[in-house]
1. Can you give me the number of residues within the stretch A:74-96 that are under 16 Å from residue A:161 (Cβ atoms) and either more than 12 Å from chain B (Cβ to nearest Cβ) or assigned to a helix (DSSP H, G or I) (or both)?
2. May I ask you to list the residues in the stretch A:93-112 that are in contact (Cβ under 8 Å) with a residue 40 or more places away in the chain and more than 24 Å from the chain's Cα centre (by Cα)?
3. So residue A:31 clears everything in (1) at pLDDT below 95; (2) facing another protein chain (nearest Cβ under 10 Å) except one condition, right? Which one?
4. Which one is farthest from the other protein chains (Cβ to nearest Cβ) among residues in the stretch B:55-73 that are farther than 14 Å from residue B:22 by Cα and surrounded by 16 or more Cβ atoms within 10 Å (Cβ to Cβ)?
5. Can you pull out the residues in the stretch A:118-130 that are in contact with a helix residue (DSSP H, G or I) (Cβ under 7 Å, 6 or more places away or on another chain) and surrounded by 15 or more Cβ atoms within 10 Å (Cβ to Cβ)?
6. Does residue B:167 qualify as being without any contact (Cβ under 8 Å) to a residue 24 or more places away in the chain and closer than 19 Å to residue B:46 by Cα?
7. Given (1) more than 22 Å from residue B:201 (Cα to Cα); (2) buried (at least 23 other Cβ atoms within 10 Å of the Cβ), where does residue A:77 come up short, assuming only one miss?
8. Please count how many residues of the stretch A:167-190 are in contact with a strand residue (DSSP E or B) (Cβ under 8 Å, 6 or more places away or on another chain) and more than 21 Å from residue A:235 (Cα to Cα).
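The values are calculated or read from the model by the stated rules, or taken from the named source; none is laboratory data. Predicted, not measured: the structure shown is a model, and the values here were computed from it. Using ideal geometry, Cβ is built from the backbone for each residue, glycine included, and neighbour counts are taken over all protein chains shown.
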(Lines give C-alpha, C1' and ligand atoms only; values in the text may rest on other atoms or scores of the structure.)
Protein backbone atom coordinates (compact mmCIF):
# COMPACT_ATOMS: atom_id res chain seq x y z
CA UNK A 1 0.00 0.00 0.00
CA UNK A 2 2.82 2.39 0.75
CA UNK A 3 4.85 1.57 -2.36
CA UNK A 4 4.49 4.17 -5.08
CA UNK A 5 2.82 2.73 -8.15
CA UNK A 6 5.17 1.96 -11.00
CA UNK A 7 5.60 4.91 -13.27
CA UNK A 8 4.54 4.34 -16.82
CA UNK A 9 7.72 4.92 -18.80
CA UNK A 10 7.20 5.71 -22.46
CA UNK A 11 10.63 6.28 -23.89
CA UNK A 12 9.18 6.95 -27.32
CA UNK A 13 6.88 9.70 -26.09
CA UNK A 14 7.60 13.34 -26.85
CA UNK A 15 9.29 15.17 -23.97
CA UNK A 16 6.65 16.30 -21.51
CA UNK A 17 6.65 19.51 -19.50
CA UNK A 18 7.97 18.90 -15.99
CA UNK A 19 5.31 18.38 -13.34
CA UNK A 20 6.41 20.13 -10.14
CA UNK A 21 5.37 20.02 -6.52
CA UNK A 22 5.87 21.56 -3.10
CA UNK A 23 5.22 20.08 0.34
CA UNK A 24 3.88 22.17 3.23
CA UNK A 25 4.34 20.53 6.64
CA UNK A 26 2.08 22.13 9.24
CA UNK A 27 2.75 21.69 12.92
CA UNK A 28 4.37 23.18 16.01
CA UNK A 29 5.51 19.69 17.02
CA UNK A 30 7.92 19.43 14.08
CA UNK A 31 9.43 22.85 14.79
CA UNK A 32 9.87 22.15 18.50
CA UNK A 33 11.59 18.86 17.69
CA UNK A 34 9.07 16.84 19.68
CA UNK A 35 7.97 14.98 16.57
CA UNK A 36 10.53 14.04 13.92
CA UNK A 37 9.03 14.45 10.47
CA UNK A 38 8.77 11.23 8.48
CA UNK A 39 6.58 12.59 5.72
CA UNK A 40 8.97 14.75 3.68
CA UNK A 41 11.22 11.82 2.74
CA UNK A 42 8.28 9.57 1.94
CA UNK A 43 6.59 12.12 -0.32
CA UNK A 44 9.92 12.94 -1.99
CA UNK A 45 10.46 9.27 -2.87
CA UNK A 46 6.86 8.83 -3.94
CA UNK A 47 6.79 11.85 -6.26
CA UNK A 48 10.18 11.04 -7.78
CA UNK A 49 8.94 7.53 -8.58
CA UNK A 50 5.96 8.87 -10.52
CA UNK A 51 7.84 11.57 -12.41
CA UNK A 52 6.84 14.61 -10.34
CA UNK A 53 9.68 16.94 -9.31
CA UNK A 54 9.52 18.03 -5.67
CA UNK A 55 11.05 21.53 -5.75
CA UNK A 56 10.37 23.02 -2.33
CA UNK A 57 9.38 22.10 1.20
CA UNK A 58 8.26 24.43 3.96
CA UNK A 59 7.48 23.71 7.60
CA UNK A 60 5.26 26.26 9.38
CA UNK A 61 3.63 26.41 12.83
CA UNK A 62 -0.07 26.02 13.68
CA UNK A 63 -0.72 29.72 13.03
CA UNK A 64 -3.38 30.61 10.48
CA UNK A 65 -1.65 33.61 8.90
CA UNK A 66 1.55 31.60 8.45
CA UNK A 67 -0.27 28.68 6.82
CA UNK A 68 -2.22 30.97 4.50
CA UNK A 69 0.88 32.89 3.39
CA UNK A 70 2.93 29.76 2.73
CA UNK A 71 0.09 28.02 0.93
CA UNK A 72 -0.57 30.98 -1.36
CA UNK A 73 3.13 31.29 -2.21
CA UNK A 74 3.49 27.58 -2.97
CA UNK A 75 0.28 26.98 -4.89
CA UNK A 76 1.17 29.82 -7.26
CA UNK A 77 4.61 28.38 -7.90
CA UNK A 78 4.16 24.66 -8.51
CA UNK A 79 1.88 22.23 -10.33
CA UNK A 80 0.83 20.63 -7.04
CA UNK A 81 1.03 21.32 -3.31
CA UNK A 82 0.77 18.57 -0.71
CA UNK A 83 0.15 19.54 2.91
CA UNK A 84 0.51 17.31 5.96
CA UNK A 85 -0.85 17.88 9.44
CA UNK A 86 -3.50 19.87 11.25
CA UNK A 87 -6.70 18.12 10.13
CA UNK A 88 -7.58 16.31 13.35
CA UNK A 89 -10.37 17.10 15.83
CA UNK A 90 -8.55 19.34 18.31
CA UNK A 91 -8.38 23.11 18.72
CA UNK A 92 -4.89 23.23 17.18
CA UNK A 93 -6.09 21.55 13.96
CA UNK A 94 -6.64 24.64 11.86
CA UNK A 95 -5.42 23.54 8.45
CA UNK A 96 -8.85 23.16 6.78
CA UNK A 97 -9.93 26.64 7.86
CA UNK A 98 -6.60 28.12 6.78
CA UNK A 99 -6.89 26.48 3.35
CA UNK A 100 -10.44 27.85 2.93
CA UNK A 101 -9.13 31.30 3.84
CA UNK A 102 -6.23 30.99 1.37
CA UNK A 103 -8.69 30.14 -1.43
CA UNK A 104 -11.27 32.70 -0.27
CA UNK A 105 -14.05 30.13 0.01
CA UNK A 106 -16.51 29.19 2.77
CA UNK A 107 -16.05 26.10 4.94
CA UNK A 108 -18.58 24.01 6.80
CA UNK A 109 -19.32 20.48 7.90
CA UNK A 110 -19.53 18.42 4.71
CA UNK A 111 -22.24 15.75 4.49
CA UNK A 112 -19.99 13.51 2.37
CA UNK A 113 -17.32 13.56 5.09
CA UNK A 114 -19.91 12.94 7.81
CA UNK A 115 -21.17 10.02 5.74
CA UNK A 116 -17.83 8.23 5.50
CA UNK A 117 -17.12 8.79 9.18
CA UNK A 118 -20.55 7.56 10.27
CA UNK A 119 -20.26 4.51 8.00
CA UNK A 120 -16.92 3.55 9.55
CA UNK A 121 -17.84 4.22 13.18
CA UNK A 122 -21.59 3.59 13.43
CA UNK A 123 -21.44 3.24 17.23
CA UNK A 124 -19.32 6.32 17.95
CA UNK A 125 -21.06 9.57 18.71
CA UNK A 126 -20.11 12.33 16.25
CA UNK A 127 -19.33 14.95 18.87
CA UNK A 128 -18.67 18.57 17.84
CA UNK A 129 -14.95 17.78 18.11
CA UNK A 130 -15.18 14.78 15.77
CA UNK A 131 -17.36 16.77 13.37
CA UNK A 132 -14.49 19.25 13.17
CA UNK A 133 -12.77 16.61 11.04
CA UNK A 134 -15.66 16.86 8.56
CA UNK A 135 -15.09 20.57 7.91
CA UNK A 136 -14.25 20.80 4.20
CA UNK A 137 -13.83 23.98 2.13
CA UNK A 138 -16.49 24.66 -0.51
CA UNK A 139 -15.63 23.13 -3.85
CA UNK A 140 -13.15 20.59 -2.52
CA UNK A 141 -13.07 16.88 -3.38
CA UNK A 142 -12.54 14.40 -0.57
CA UNK A 143 -9.38 12.32 -0.33
CA UNK A 144 -10.15 8.83 0.97
CA UNK A 145 -8.63 7.79 4.30
CA UNK A 146 -8.79 3.99 4.43
CA UNK A 147 -7.01 3.96 7.79
CA UNK A 148 -9.32 6.01 10.02
CA UNK A 149 -12.07 7.39 7.72
CA UNK A 150 -11.78 11.15 8.43
CA UNK A 151 -10.93 12.38 4.93
CA UNK A 152 -8.37 14.73 3.47
CA UNK A 153 -9.36 16.95 0.57
CA UNK A 154 -8.20 18.47 -2.68
CA UNK A 155 -9.01 22.03 -3.68
CA UNK A 156 -7.46 23.56 -6.78
CA UNK A 157 -3.93 22.18 -6.98
CA UNK A 158 -3.64 21.68 -3.21
CA UNK A 159 -3.92 18.26 -1.55
CA UNK A 160 -4.56 18.37 2.19
CA UNK A 161 -3.47 15.25 4.05
CA UNK A 162 -3.13 13.99 7.61
CA UNK A 163 0.14 14.26 9.52
CA UNK A 164 0.13 10.72 10.92
CA UNK A 165 2.49 8.92 8.51
CA UNK A 166 0.37 5.78 8.12
CA UNK A 167 -2.69 7.85 7.19
CA UNK A 168 -0.76 10.26 4.99
CA UNK A 169 0.75 7.34 3.07
CA UNK A 170 -2.67 5.82 2.46
CA UNK A 171 -3.93 9.22 1.28
CA UNK A 172 -1.03 9.48 -1.20
CA UNK A 173 -2.18 6.16 -2.65
CA UNK A 174 -5.70 7.60 -2.93
CA UNK A 175 -4.39 10.70 -4.71
CA UNK A 176 -1.77 9.17 -7.01
CA UNK A 177 -4.11 8.01 -9.81
CA UNK A 178 -5.45 11.58 -10.18
CA UNK A 179 -2.05 13.25 -10.68
CA UNK A 180 -0.47 14.29 -13.96
CA UNK A 181 2.88 12.62 -14.29
CA UNK A 182 6.03 13.86 -15.94
CA UNK A 183 8.69 11.79 -17.55
CA UNK A 184 10.35 10.13 -14.57
CA UNK A 185 13.81 11.23 -13.59
CA UNK A 186 16.14 8.21 -13.81
CA UNK A 187 19.23 7.96 -11.69
CA UNK A 188 22.43 5.99 -11.36
CA UNK A 189 24.57 5.94 -8.23
CA UNK A 190 28.32 5.32 -8.15
CA UNK A 191 30.06 4.60 -4.85
CA UNK A 192 33.36 6.43 -5.23
CA UNK A 193 35.29 5.00 -2.29
CA UNK A 194 37.10 8.31 -1.73
CA UNK A 195 36.45 11.79 -0.39
CA UNK A 196 34.86 14.57 -2.43
CA UNK A 197 38.05 16.59 -2.65
CA UNK A 198 39.80 14.05 -4.87
CA UNK A 199 36.79 13.79 -7.17
CA UNK A 200 35.58 17.32 -7.48
CA UNK A 201 37.68 18.54 -10.38
CA UNK A 202 36.96 15.65 -12.75
CA UNK A 203 33.36 15.35 -11.66
CA UNK A 204 32.78 19.05 -12.22
CA UNK A 205 34.24 18.80 -15.71
CA UNK A 206 31.81 15.99 -16.58
CA UNK A 207 28.93 18.08 -15.17
CA UNK A 208 29.89 21.12 -17.26
CA UNK A 209 30.19 18.97 -20.40
CA UNK A 210 26.72 17.44 -19.87
CA UNK A 211 24.36 20.24 -18.87
CA UNK A 212 21.29 18.15 -19.74
CA UNK A 213 22.03 15.79 -16.83
CA UNK A 214 22.14 16.48 -13.09
CA UNK A 215 25.27 15.37 -11.26
CA UNK A 216 25.27 15.30 -7.48
CA UNK A 217 28.06 14.46 -5.06
CA UNK A 218 27.11 13.31 -1.55
CA UNK A 219 29.89 12.85 0.98
CA UNK A 220 29.26 10.70 4.03
CA UNK A 221 31.08 8.94 6.80
CA UNK A 222 30.64 5.18 6.46
CA UNK A 223 31.82 4.43 10.00
CA UNK A 224 35.49 4.18 9.16
CA UNK A 225 36.20 6.69 6.41
CA UNK A 226 34.85 9.72 4.59
CA UNK A 227 33.61 8.59 1.21
CA UNK A 228 31.23 9.85 -1.48
CA UNK A 229 28.20 8.76 -3.45
CA UNK A 230 28.05 10.21 -6.93
CA UNK A 231 24.60 10.40 -8.51
CA UNK A 232 23.80 11.01 -12.15
CA UNK A 233 20.20 11.94 -12.98
CA UNK A 234 18.53 12.30 -16.39
CA UNK A 235 15.14 11.70 -17.93
CA UNK A 236 16.70 10.03 -20.97
CA UNK A 237 18.00 6.51 -20.35
CA UNK A 238 20.64 6.65 -23.08
CA UNK A 239 22.05 9.95 -21.83
CA UNK A 240 22.04 8.59 -18.28
CA UNK A 241 24.06 5.54 -19.37
CA UNK A 242 26.60 7.64 -21.30
CA UNK A 243 27.27 10.11 -18.48
CA UNK A 244 27.26 7.41 -15.79
CA UNK A 245 29.92 5.53 -17.78
CA UNK A 246 32.05 8.69 -17.88
CA UNK A 247 31.76 9.05 -14.10
CA UNK A 248 32.63 5.38 -13.56
CA UNK A 249 35.71 5.80 -15.75
CA UNK A 250 36.76 8.85 -13.70
CA UNK A 251 36.39 6.93 -10.45
CA UNK A 252 38.32 3.93 -11.79
CA UNK A 253 41.10 6.24 -12.95
CA UNK A 254 41.29 8.03 -9.59
CA UNK A 255 41.17 4.77 -7.65
CA UNK A 256 44.08 3.49 -9.75
CA UNK A 257 46.05 6.61 -8.97
CA UNK A 258 45.32 6.62 -5.25
CA UNK A 259 45.92 2.89 -4.62
CA UNK A 260 49.58 3.34 -3.66
CA UNK A 261 48.50 5.73 -0.89
CA UNK A 262 45.50 3.67 0.28
CA UNK B 1 29.49 16.77 21.78
CA UNK B 2 26.11 16.56 20.15
CA UNK B 3 24.10 17.27 23.28
CA UNK B 4 22.86 20.84 23.47
CA UNK B 5 24.40 22.69 26.39
CA UNK B 6 22.13 23.14 29.39
CA UNK B 7 20.06 26.27 29.14
CA UNK B 8 20.58 28.75 31.91
CA UNK B 9 17.15 29.10 33.50
CA UNK B 10 16.62 32.26 35.51
CA UNK B 11 13.07 32.14 36.71
CA UNK B 12 13.45 35.49 38.48
CA UNK B 13 14.56 37.28 35.34
CA UNK B 14 12.27 39.70 33.53
CA UNK B 15 10.51 38.18 30.54
CA UNK B 16 12.83 38.30 27.54
CA UNK B 17 11.84 38.92 23.96
CA UNK B 18 11.57 35.62 22.09
CA UNK B 19 14.62 34.65 20.06
CA UNK B 20 13.46 33.11 16.78
CA UNK B 21 15.07 31.06 14.05
CA UNK B 22 14.57 29.52 10.63
CA UNK B 23 16.38 26.60 9.01
CA UNK B 24 17.18 26.52 5.29
CA UNK B 25 18.08 23.05 4.00
CA UNK B 26 19.86 23.25 0.64
CA UNK B 27 20.09 20.24 -1.60
CA UNK B 28 18.57 18.41 -4.56
CA UNK B 29 19.20 15.11 -2.76
CA UNK B 30 16.66 15.89 -0.04
CA UNK B 31 14.00 16.88 -2.57
CA UNK B 32 14.56 13.78 -4.71
CA UNK B 33 14.27 11.58 -1.63
CA UNK B 34 17.71 10.07 -2.18
CA UNK B 35 18.93 11.49 1.13
CA UNK B 36 16.60 11.58 4.12
CA UNK B 37 17.15 14.78 6.10
CA UNK B 38 18.40 14.23 9.63
CA UNK B 39 19.29 17.83 10.34
CA UNK B 40 15.89 19.51 10.81
CA UNK B 41 14.96 17.39 13.82
CA UNK B 42 18.40 17.78 15.38
CA UNK B 43 18.42 21.57 15.02
CA UNK B 44 14.81 21.79 16.28
CA UNK B 45 15.73 19.89 19.45
CA UNK B 46 18.93 21.86 19.89
CA UNK B 47 17.32 25.29 19.57
CA UNK B 48 14.37 24.36 21.77
CA UNK B 49 16.82 23.28 24.48
CA UNK B 50 18.58 26.65 24.48
CA UNK B 51 15.43 28.78 24.37
CA UNK B 52 15.38 29.68 20.68
CA UNK B 53 12.06 29.21 18.87
CA UNK B 54 12.38 27.54 15.49
CA UNK B 55 9.53 29.08 13.48
CA UNK B 56 10.10 27.99 9.90
CA UNK B 57 11.98 25.50 7.77
CA UNK B 58 12.47 25.56 4.02
CA UNK B 59 14.11 23.03 1.72
CA UNK B 60 15.31 24.34 -1.65
CA UNK B 61 17.30 22.83 -4.53
CA UNK B 62 20.91 23.58 -5.54
CA UNK B 63 19.79 26.57 -7.64
CA UNK B 64 21.35 29.94 -6.86
CA UNK B 65 18.25 32.09 -7.39
CA UNK B 66 16.18 29.81 -5.17
CA UNK B 67 18.76 29.87 -2.37
CA UNK B 68 19.11 33.65 -2.56
CA UNK B 69 15.35 34.26 -2.49
CA UNK B 70 14.73 31.91 0.43
CA UNK B 71 17.68 33.26 2.39
CA UNK B 72 16.62 36.88 1.97
CA UNK B 73 13.05 36.06 3.04
CA UNK B 74 14.17 34.14 6.12
CA UNK B 75 16.96 36.42 7.33
CA UNK B 76 14.53 39.35 7.32
CA UNK B 77 11.97 37.45 9.35
CA UNK B 78 13.84 35.75 12.18
CA UNK B 79 16.58 36.44 14.72
CA UNK B 80 18.77 33.71 13.23
CA UNK B 81 18.94 31.56 10.10
CA UNK B 82 20.79 28.25 10.00
CA UNK B 83 21.57 26.70 6.62
CA UNK B 84 22.72 23.14 5.95
CA UNK B 85 24.32 21.74 2.82
CA UNK B 86 26.14 22.89 -0.28
CA UNK B 87 29.53 23.91 1.13
CA UNK B 88 31.63 21.02 -0.14
CA UNK B 89 34.22 21.02 -2.96
CA UNK B 90 32.07 19.98 -5.93
CA UNK B 91 30.39 21.94 -8.70
CA UNK B 92 26.97 21.59 -7.05
CA UNK B 93 28.19 23.19 -3.81
CA UNK B 94 27.01 26.73 -4.45
CA UNK B 95 25.80 27.82 -1.02
CA UNK B 96 28.70 30.14 -0.17
CA UNK B 97 28.39 32.01 -3.47
CA UNK B 98 24.60 32.25 -3.08
CA UNK B 99 24.97 33.66 0.45
CA UNK B 100 27.46 36.27 -0.79
CA UNK B 101 25.00 37.24 -3.50
CA UNK B 102 22.11 37.47 -1.01
CA UNK B 103 24.18 39.84 1.15
CA UNK B 104 25.57 41.73 -1.85
CA UNK B 105 29.20 41.15 -0.82
CA UNK B 106 32.24 39.77 -2.62
CA UNK B 107 33.53 36.25 -2.06
CA UNK B 108 37.00 34.78 -2.47
CA UNK B 109 39.34 32.19 -1.05
CA UNK B 110 39.84 33.14 2.59
CA UNK B 111 43.35 32.80 4.06
CA UNK B 112 41.91 31.89 7.48
CA UNK B 113 40.01 28.98 5.95
CA UNK B 114 43.03 27.87 3.94
CA UNK B 115 45.05 28.00 7.16
CA UNK B 116 42.79 25.65 9.12
CA UNK B 117 42.56 23.23 6.19
CA UNK B 118 46.32 23.21 5.63
CA UNK B 119 46.97 22.72 9.35
CA UNK B 120 44.68 19.68 9.43
CA UNK B 121 45.85 18.05 6.20
CA UNK B 122 49.50 19.08 5.79
CA UNK B 123 50.18 16.28 3.30
CA UNK B 124 47.13 16.78 1.09
CA UNK B 125 47.41 19.02 -1.93
CA UNK B 126 44.97 21.95 -1.81
CA UNK B 127 43.63 21.49 -5.32
CA UNK B 128 41.33 24.11 -6.86
CA UNK B 129 38.39 21.87 -5.88
CA UNK B 130 39.46 21.69 -2.23
CA UNK B 131 40.14 25.43 -2.19
CA UNK B 132 36.49 25.88 -3.20
CA UNK B 133 35.70 24.94 0.42
CA UNK B 134 37.74 27.98 1.53
CA UNK B 135 35.54 30.46 -0.37
CA UNK B 136 34.06 32.70 2.31
CA UNK B 137 31.97 35.87 1.76
CA UNK B 138 33.58 39.17 2.76
CA UNK B 139 32.90 40.10 6.36
CA UNK B 140 31.99 36.59 7.51
CA UNK B 141 33.34 34.86 10.63
CA UNK B 142 34.43 31.24 10.34
CA UNK B 143 32.53 28.47 12.12
CA UNK B 144 34.91 25.78 13.36
CA UNK B 145 34.59 22.28 11.91
CA UNK B 146 36.38 19.94 14.31
CA UNK B 147 35.41 16.91 12.21
CA UNK B 148 36.96 17.67 8.83
CA UNK B 149 38.44 21.20 9.08
CA UNK B 150 36.69 22.92 6.12
CA UNK B 151 34.81 25.65 7.99
CA UNK B 152 31.27 26.98 7.92
CA UNK B 153 30.73 30.70 8.36
CA UNK B 154 28.47 33.31 9.92
CA UNK B 155 27.50 36.51 8.13
CA UNK B 156 24.93 38.85 9.65
CA UNK B 157 22.34 36.64 11.31
CA UNK B 158 22.96 33.69 8.96
CA UNK B 159 24.95 30.60 10.00
CA UNK B 160 26.12 28.45 7.09
CA UNK B 161 26.80 24.83 8.02
CA UNK B 162 27.67 21.54 6.34
CA UNK B 163 24.97 19.06 5.35
CA UNK B 164 26.72 15.95 6.69
CA UNK B 165 24.97 15.45 10.05
CA UNK B 166 28.11 14.67 12.04
CA UNK B 167 29.79 17.85 10.81
CA UNK B 168 26.66 19.99 11.14
CA UNK B 169 26.23 18.85 14.74
CA UNK B 170 29.80 19.77 15.59
CA UNK B 171 29.27 23.17 13.97
CA UNK B 172 26.16 23.76 16.10
CA UNK B 173 28.34 23.17 19.15
CA UNK B 174 30.79 25.74 17.79
CA UNK B 175 28.01 28.27 17.23
CA UNK B 176 25.92 27.76 20.38
CA UNK B 177 28.01 29.91 22.78
CA UNK B 178 27.61 32.90 20.44
CA UNK B 179 23.80 32.83 20.28
CA UNK B 180 21.38 34.99 22.23
CA UNK B 181 19.03 32.78 24.18
CA UNK B 182 15.42 33.29 25.07
CA UNK B 183 13.66 32.01 28.10
CA UNK B 184 13.42 28.28 27.36
CA UNK B 185 10.03 26.84 26.52
CA UNK B 186 9.21 24.16 29.09
CA UNK B 187 6.95 21.26 28.25
CA UNK B 188 5.01 18.47 29.88
CA UNK B 189 3.68 15.45 28.00
CA UNK B 190 0.64 13.42 29.01
CA UNK B 191 -0.01 10.04 27.40
CA UNK B 192 -3.79 10.01 27.02
CA UNK B 193 -4.38 6.36 26.16
CA UNK B 194 -7.30 7.24 23.88
CA UNK B 195 -7.98 8.77 20.47
CA UNK B 196 -8.09 12.51 19.84
CA UNK B 197 -11.84 12.53 19.22
CA UNK B 198 -12.68 11.70 22.82
CA UNK B 199 -10.31 14.35 24.13
CA UNK B 200 -10.80 17.24 21.81
CA UNK B 201 -13.69 19.02 23.48
CA UNK B 202 -12.23 19.12 26.99
CA UNK B 203 -8.72 19.74 25.77
CA UNK B 204 -9.90 22.64 23.62
CA UNK B 205 -11.69 24.17 26.59
CA UNK B 206 -8.47 24.07 28.64
CA UNK B 207 -6.58 25.64 25.75
CA UNK B 208 -9.09 28.48 25.43
CA UNK B 209 -8.99 29.12 29.18
CA UNK B 210 -5.17 29.33 29.21
CA UNK B 211 -4.08 31.37 26.22
CA UNK B 212 -0.62 31.99 27.71
CA UNK B 213 0.23 28.30 27.28
CA UNK B 214 0.50 26.17 24.12
CA UNK B 215 -1.49 22.95 24.06
CA UNK B 216 -0.79 20.38 21.37
CA UNK B 217 -2.49 17.10 20.65
CA UNK B 218 -0.53 14.47 18.70
CA UNK B 219 -2.35 11.31 17.65
CA UNK B 220 -0.33 8.25 16.74
CA UNK B 221 -0.71 4.55 16.21
CA UNK B 222 1.23 2.63 18.87
CA UNK B 223 1.11 -0.67 17.00
CA UNK B 224 -2.20 -1.84 18.40
CA UNK B 225 -4.37 1.23 18.86
CA UNK B 226 -4.78 4.87 17.95
CA UNK B 227 -3.79 6.97 20.93
CA UNK B 228 -2.71 10.53 21.65
CA UNK B 229 0.09 12.45 23.29
CA UNK B 230 -0.99 15.73 24.84
CA UNK B 231 1.71 18.34 25.26
CA UNK B 232 1.51 21.48 27.37
CA UNK B 233 4.16 24.15 26.72
CA UNK B 234 4.89 27.33 28.66
CA UNK B 235 7.87 29.44 29.58
CA UNK B 236 6.67 29.78 33.17
CA UNK B 237 7.13 26.66 35.29
CA UNK B 238 4.23 27.41 37.64
CA UNK B 239 1.79 28.01 34.79
CA UNK B 240 3.01 24.82 33.12
CA UNK B 241 2.33 22.82 36.28
CA UNK B 242 -1.15 24.30 36.71
CA UNK B 243 -2.30 23.66 33.15
CA UNK B 244 -0.66 20.22 32.98
CA UNK B 245 -2.58 19.27 36.14
CA UNK B 246 -5.82 20.35 34.49
CA UNK B 247 -5.05 18.18 31.45
CA UNK B 248 -4.17 15.21 33.66
CA UNK B 249 -7.48 15.61 35.49
CA UNK B 250 -9.33 15.67 32.17
CA UNK B 251 -7.60 12.49 31.00
CA UNK B 252 -8.29 10.71 34.31
CA UNK B 253 -11.94 11.72 34.10
CA UNK B 254 -12.28 10.50 30.51
CA UNK B 255 -10.43 7.26 31.25
CA UNK B 256 -12.84 6.63 34.13
CA UNK B 257 -15.79 7.22 31.83
CA UNK B 258 -14.48 5.05 29.02
CA UNK B 259 -13.28 2.14 31.18
CA UNK B 260 -16.54 0.17 30.85
CA UNK B 261 -16.11 0.24 27.06
CA UNK B 262 -12.38 -0.54 27.03
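1. So the answer is 9.
2. Listed by number, the list holds a single entry, A:105.
3. Here residue A:31 meets the rest and fails (1).
4. In this case the residue turns out to be B:68.
5. Within the stretch A:118-130, A:126, A:129, A:130 meet the criteria.
6. Details: without any contact (Cβ under 8 Å) to a residue 24 or more places away in the chain: yes; closer than 19 Å to residue B:46 by Cα: yes.
The answer is yes for residue B:167.
7. Looking at each condition in turn, residue A:77 falls short on (2).
8. So the count comes out to 7.
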